[in-house]
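What follows is calculated from the coordinates using simple rules that are stated; it is not laboratory data. These numbers come from a predicted model, not from an experiment. As a convention, Cβ positions derive from the backbone with ideal geometry for all residues, glycine included, and neighbour counts pool all protein chains shown.
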Amino acid sequence: MRSETAQLIKLEDYKETPYVIENVSLVFKLQPEATEVISTLTLFRREGTETGAPLELDGDDLTLVSVAIDGAALAEEAYEASPEKLVVQTPPADTFKLEVVTRVNPTTNTKLEGLYLSQGIYCTQCEAEGFRRITYYYDRPDVLSVFTTRIEADKVTNPILLGNGNPQDAGDIEGTDRHFAVWHDPHPKPAYLFALVAGDLACTSEKYTTASGKPVDLNIYVEKGNEDRTDWSMDSLIRSMRWDEKVFGREYDLEVFNIVAVSAFNMGAMENKGLNIFNDKYILADSDTATDMDYEGIETVVAHEYFHNWTGNRITCREWFQLCLKEGLTVFRDQEFSSDERSRPVKRIADVIRLKSRQFPEDQGPLSHPVRPTEYKEINNFYTATVYDKGAELVRMIKTILGADGFRKGMDLYFERHDGDASTIEDFLKCFEDANQQDLSHFSLWYHQSGTPFVKANGSYDEAAKTYTLDLEQNTAATPGQDEKKPFFIPIRFGLVGPNGDDLAYTSVEGAHVDGDLLHLTEDKQTVVFHGIGSKPVPSLLREFSAPVKLESTLSREDQIFLMRHDIDPFNRWQATQTLMTELLIELTNGEEPAGKDAFIEALGHMAEDKNLDHAFRGFGLMLPSEQAIALEIGKDVDTDAIGDARDAFSKEIGKALYDTFKRIYDAMEMPATFSPDALSAGKRALKLRCLSYLGAAQTEESAVLTKAHFDNADNMTDRMGALTVLVIWQLAGAQDALKAFEARHKDTALAMDKWLSIAARAPSEDAIAAIRTLTEHPAFSWDNPNRIYALIGGFLGGNTRGFHAADGSGYDYLAEITLQLDKTNPQVASRMAKSFGTWKNMNAERRVKAEAALKRILAADQQLSTDVKEIVELCLD
Ligand code: B3K
Ligand code: ZN
């Protein structure tokens, strides 16, 4: 949507539509440059709407061909049409049929929103407001209707014709080279869940029988030649369907479930009813082209989209402010699925790393917003880590507070009470309150108040009284639009760890609601006294990361090392390691020599070799916080070069100090004879590669040879890419050869070349921007495909901190330049890139000046900015 005067949409302005759309019948006459869409809507006047009140439908960039009501063409004065709107001034009756014909051009649709062509395949993307780019409609989630879709297309180029719901009819169109298919979706749905696909696609199929015995045809459609790369996604789908039956009691509800993978897609995937459309990155996998992380990503996204069938589709959102109702909840569900399928603590660590690296910076900067926002200009800008990942944390906290049974009771009531509804967060919370007779009003503040709460904890032990006193304090800094913050309801899972590593029991407690190992922090300050504590404990707080807060610990380094070795909560063992690493790295960044560094490195060596721990867990334990994470922790006046230098030096120091340990683990690792993406094998590969990266950091001749051999001998992408990254990042001998060999091997596989682009984008360089410009000329890169842009430009912005935050401002200038360039073709991708400006206020003065100038240059550019980009830039400058 392009507009100089983008409107601020406010939650408080919500009103129902004056008319109800009962039925939608669509006919698509597909042509690459001029597709005709005939839409017939059965409408009736809503009770309370004045007779003859105008009917105003949304459009975006539409060409109207004709408009009729009940079979009669409308006189010109009876309606007003523009590309953005169709207004029928005075509908003639309480119930009527509106027939609208529009024409759209799928070939020139570079925004990838609405109907577009991707590699010769027609496909659609309608969430959030793409349906209005197909036909005039009430394009909002609270308008639920029954859709029937007829698709007509050329038989040769489009043998496969897919729509939502169940197939109803199909055949040739006599006297032409064309054929048709009719799809009917019996479940009323909002327009954002509409989808259509037509093309020459290959298909993999399976049969599934639901828990109650209903047969379902499962199909995964891909571009021809890719059909042997769908086994994992099909397997993930079947496991997801079974899991949702078992864990949430939810069955699938149509005769077919179709998935289509396309190569040009703005995001990961889309949960259209019965016809999920995916970015092919989240469907295609084989061991030669996909990493273990890709396999995990596929499992997660396939599950996520499938789970939306109940949380999103059967129960949808009243308006887009409620986005977290479906997204936060569905992320929670996919996280739980992966935890059950893999290792729960490892999955928890991975999810928390993601939350802290994506959501924490968002919530502590100019783009901070509540999980349920109250205003926006462009809804596509609000598909954020806050809505998704923090949204999932809020659902997780409800489960923590109510317990597993109470949570399930609330979910059951939600499905029973709201099936078929367009709901709100209030509706959702009410189900948990009613099912558990519990008041969640204080808890609900999490949905409305933005910002990351900082929790401070200070403990003291009184040996004579056998008491342990914990002084807790919470504080949330002001965020845009919210100067004053109220205290949150923070569930803190904890243990008081005794000298032998066991949790100490307490006899009684005062000062807070404490139930077993769960403490409710509900006020700004609380002093909690535990009685009957026999010896001095080390507190282990926020176990399992029970709330999305930043814990400022006052523990000594010895105590952290103690937790790192002994905590019974694996998450907090990992967290203690991270906390220590971060503290040490900050001191190193400041040029100090940190106390306890050697003891820490020694403890790290123990963890690396601890056979009682999961391989994947050990891999995560060894991982240093990213440069961005350290920058966020420092918070202000950040010098990214100093952080990079300190982190490099510390990696090297650990690599040298524990060289023998890492080499021993590396050499001793037994790998399965054939590749399997299972969690155990993936964990072994991860640990082995983590060891290799420290050996690489030590930059010995031996480690360069070892890394190059690892690359040369790799029989899977995880090892090949892992070793290539080590070679390139540490500039080891053989790096250039390896880059060339990778390119030669994978030049015809775009998704594999994306990995090459993102590694190349991270390579240390004197002139990073010149290097990126050269890479944009590479045949593997294209400005037209989001995956290529995310790989190269996204890889640079997120993975090359020195380059992007270069003190001379060249990284910021480049981002301004490509934001403007991309905005002309694909505003969603442009604004996603521009969000990298979100941390500029944390930088030092030298960098801030450059970043601010670059942001201002975007606003002042001699081109019309999309609402998407304009909103992000304005928020950043606010
Ligand atoms: N619901 C889609 C995201 C749509 C994004 C629109 N800008 C995928 C998902 O979250 O499952
Ligand atoms: Zn989703």
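Averaging the sequence gap over all C-alpha pairs within less than 8 Å and six or more residues apart, then dividing by the number of residues, gives the chain a relative contact order of 9 percent. Here the calculated FRET efficiency for residue 154 and residue 22, from their Cβ-Cβ distance with R0 = 45 Å, stands at 0.85, rounded to the nearest 0.05.
Under the combined filter of DSSP loop state and at most 13 neighbouring Cβ atoms within 10 Å, the stretch 583-657 retains these GluC sites (Glu not before Pro): 592. Both radii come from the Cα set of the stretch 711-843: Rg as radius of gyration, Rh as Kirkwood radius; their ratio Rg/Rh reads 0.98. Give me the net charge of residue 422's neighbourhood, meaning all other residues with Cβ under 12 Å from the Cβ of residue 422; Lys, Arg count +1, Asp, Glu -1. Surrounding charge for residue 422 is -1.
A Cβ-based charge dipole, computed about the Cα centre of the stretch 183-340 with Lys and Arg at +1 and Asp and Glu at -1, lands at about 740 debye. For the chain, the pair-distance distribution built from all alpha carbon pairs, in bins 10 Å wide starting at 0, is 2, 12, 21, 25, 21, 12, 5, 2, 0, 0 percent. Shape class for the stretch 326-459: rounded, because the ratio a/c of the largest to smallest gyration tensor axis (alpha-carbon atoms, square roots of eigenvalues) is under 1.5. Extension gain for the segment residue 108 to residue 825, taken as residue separation times 0.36 nm less the Cα-Cα distance, is 257.2 nm to one decimal. Net charge in the neighbourhood of residue 492 (other residues with Cβ under 11 Å of its Cβ; Lys, Arg +1, Asp, Glu -1) is 0. Compared with the dominant Cα axis of the chain, that is its longest principal axis, helix 425-436 is turned about 60°.
Placing unit charges on each Cβ (+1 for Lys and Arg, -1 for Asp and Glu) gives the chain a dipole about its Cα centre, and among 451, 35, 100 the Cα reaching farthest toward its positive end belongs to 451. In this Cβ point-charge picture (+1 for Lys and Arg, -1 for Asp and Glu), the stretch 431-581 has a dipole of about 440 debye about its Cα centre. Ranking 594, 252, 213 by Cα position along the charge dipole of the chain, where only Lys, Arg, Asp and Glu carry charges on their C-beta atoms, puts 594 farthest toward the positive end. Karplus-derived 3J(HN,Hα) values for the stretch 785-792, using 6.51 cos²θ - 1.76 cosθ + 1.60 with θ = phi - 60°, are 10, x, 4, 5, 5, 4, 5, 7 Hz; glycine and proline are entered as x.
Charge dipole (Cα centre; +1 on Lys/Arg Cβ, -1 on Asp/Glu Cβ; no other charges) of the chain amounts to roughly 1000 debye. Phi-derived couplings, Karplus 6.51 cos²θ - 1.76 cosθ + 1.60 at θ = phi - 60°, listed residue by residue for the stretch 44-51: 9, 6, 6, 4, x, 7, 4, 4 Hz, with x used for Gly and Pro.
Annotation: amide H-H contacts under 5 Å for residue 164 (H modelled 1.01 Å from N, sequence separation of 5 or more, or interchain): 195.
Taking amide H as placed 1.01 Å from N in the peptide plane, the amide H of residue 49 sits under 5 Å from none that are at least 5 places away or on another chain.
Length available on full extension from residue 642 to residue 70: 0.36 nm per residue minus the Cα-Cα distance, which gives 198.8 nm. Just so you know, the Rg over Rh for the stretch 82-167 is 0.99, from Cα atoms, with Rh as the Kirkwood radius. Given R₀ = 35 Å, FRET efficiency for residue 612-residue 224 by Cβ-Cβ distance, to 0.05? In this case the efficiency is close to 0.10. The calculated FRET efficiency for residue 766 paired with residue 525, based on their beta-carbon distance and R0 = 41 Å, is about 0.20. In degrees, nearest 10, range 0 to 90: what is the angle between the Cα axis of helix 640-657 and the longest Cα principal axis of the chain? Roughly 50 degrees, rounded to the nearest 10. Computed extension length for residue 34-residue 518: 168.1 nm, one decimal, from 0.36 nm per residue of separation with the Cα-Cα distance subtracted. Here the Karplus relation 6.51 cos²θ - 1.76 cosθ + 1.60, evaluated at θ = phi - 60°, turns the backbone of the stretch 191-200 into coupling constants of 5, 5, 9, 6, 8, 8, 9, 9, x, 9 Hz, with x for every Gly and Pro.
Suppose only helical runs count, i.e. DSSP H with n ≥ 4. What mean residue ellipticity at 222 nm does that imply for the chain under -39500 (n - 2.57) per run, divided by all residues and rounded to the nearest 500 deg cm²/dmol?
Calculated mean residue ellipticity at 222 nm is -12000 deg cm²/dmol.
Rounded to the nearest 10 degrees, the inclination of helix 292-307 to the longest alpha-carbon principal axis of the chain is 50 degrees.
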